[in-house]
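A short worksheet on the structure shown next.
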Amino acid sequence: MQANETVTHNDEDAHLEALRINQGLDTIEQTLEWLVKTTLRESVKRITGRGRALYEVKGKDTPCE
């Protein structure tokens, strides 16, 4: 198996492909990322009662003092 290779079962492939088409995504990897983010958002909203933004946190260019 190659690094970063996605492994699925045959029945999962059909569901992921249908979801990929439904969401207009290009790859199964994008579909998996969308699915994880959506599930996480919904779970956080159930726990906290609020929606939370998911975005990449970038570090500062300068070191902490």
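Values in this text are rule-based calculations from the coordinates and carry no lab data. Keep in mind that what you see is a predicted model, and the values were worked out from it rather than measured. So basically every Cβ, Gly included, is an ideal-geometry build from the backbone, and we count neighbours across all protein chains shown.
Worth a mention:
- Computed extension gain for ASN10 through THR38, at 0.36 nm per residue and net of the alpha carbon distance, reaches 7.8 nm.
- Sites THR27 and ARG50 - FRET efficiency at Förster radius 25 Å, r taken between beta-carbons, to 0.05: 0.20
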